[in-house]
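The values are calculated or read from the model by the stated rules, or taken from the named source; none is laboratory data. Keep in mind that what you see is a predicted model, and the values were worked out from it rather than measured. Reconstructed Cβ throughout: ideal geometry from the backbone, glycine too, with neighbour counts over all protein chains shown.
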């Protein structure tokens, strides 16, 4: 399948879905690239809310997937020594309407991580109701911030919050459906392949559906987000969790049907659906398991 990707920073042209997944969003869109999202780093501050001098912001959102409504903007920071770790406990930022020069909102984000040895990140969330160009300007970061574009809802192909999560017969331990291995986690597959997504959506409980490849993820995030989910035994008691890998085999040559079913051009992604199958949360690129837990908590409130 051929796809055309564009952003406010670059027009990429036609690339195949496998190439998009392998390169990752940072390479495609000219954003500061996370060479290894799981590697150790240096040069950070410890605690407080002040970033080191000369910091650069590494955007960790998918530029083509931002639309009106709740906008999720995860970032990390780097300097000349590499990615900053641990960095401040809390970071402040403003969202500006780039094309109008207006300040839209003031935000705060607390530091989170994917565990020991991982690059920390900060997730800003803001409600925006108009398409257009915006900028996230972090206190103590680059003065021009990071520009992002909100698109019209009809421009998206991947299901979003408020859409139905499409049923799909994802590979299981009993039926690999042509995907081998069904899970690239090592040394053994994750436990989230007992049911297909179709069966999970008929279970009567909330559903957490994760698509990502631990062995071949371009940013090294897919493995850690899956490990956090495995450790979250409380979530397994409250929701049906399903994982689908990205490639059909270990050569990482052909994308799996799960990718095509959702029109994905990036990974990883996690969906949380309510008992009616409606998506109530979607997390792209990088997240902490507490964000999934919070979404399930809201369904129980």
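Report the residue count in region 220-239 for those that are surrounded by fewer than 22 Cβ atoms within 10 Å (Cβ to Cβ) and not in a helix (DSSP H, G or I). Residues that pass the stated criteria total 2.
Which of the following residues is surrounded by 15 or more Cβ atoms within 10 Å (Cβ to Cβ) and either at negative phi or not assigned by TED's automatic domain parsing to the domain that holds residue 269 (or both): 170, 143? Matching residue, one of 170, 143: 170. A residue that is within 14 Å of residue 166 (Cα to Cα) and either touching a strand residue (DSSP E or B) at 6+ places or on another chain (Cβ under 7 Å) or touching a residue at least 24 places away in the same chain (Cβ under 8 Å) (or both) occurs nowhere in region 216-237.
Residues in region 161-202 that are assigned to a loop (DSSP other than H, G, I, E, B) and closer than 12 Å to residue 273 by Cα: 161, 162, 163, 165, 166, 167, 202. Summed over region 101-120, residues that are in contact (Cβ under 8 Å) with a residue 12 or more places away in the chain and in a loop (DSSP other than H, G, I, E, B) total 7. Considering only region 189-205, state which residues are under 17 Å from residue 216 (Cβ atoms) and free of Cβ contacts under 8 Å to residues at least 40 places away in the same chain. Residue satisfying the conditions is 189 alone.
Within region 114-129, restricting attention to residues that are surrounded by fewer than 18 Cβ atoms within 10 Å (Cβ to Cβ) and at pLDDT below 95, the residue that is farthest from residue 285 (Cα to Cα) is 129. No other residue among 158, 137, 123 is assigned to a strand (DSSP E or B) and in contact (Cβ under 8 Å) with a residue 60 or more places away in the chain apart from 123. Within region 249-259, the presence of a residue that is within 19 Å of residue 295 (Cβ to Cβ) and either without any contact (Cβ under 8 Å) to a residue 40 or more places away in the chain or not in a helix (DSSP H, G or I) (or both) is excluded.
The number of residues in region 176-188 being farther than 14 Å from residue 229 by Cβ and touching a residue at least 12 places away in the same chain (Cβ under 8 Å) comes to 8. Scanning region 260-283 for any residue that is buried (at least 23 other Cβ atoms within 10 Å of the Cβ), in a helix (DSSP H, G or I) and at pLDDT 95 or above turns up nothing.
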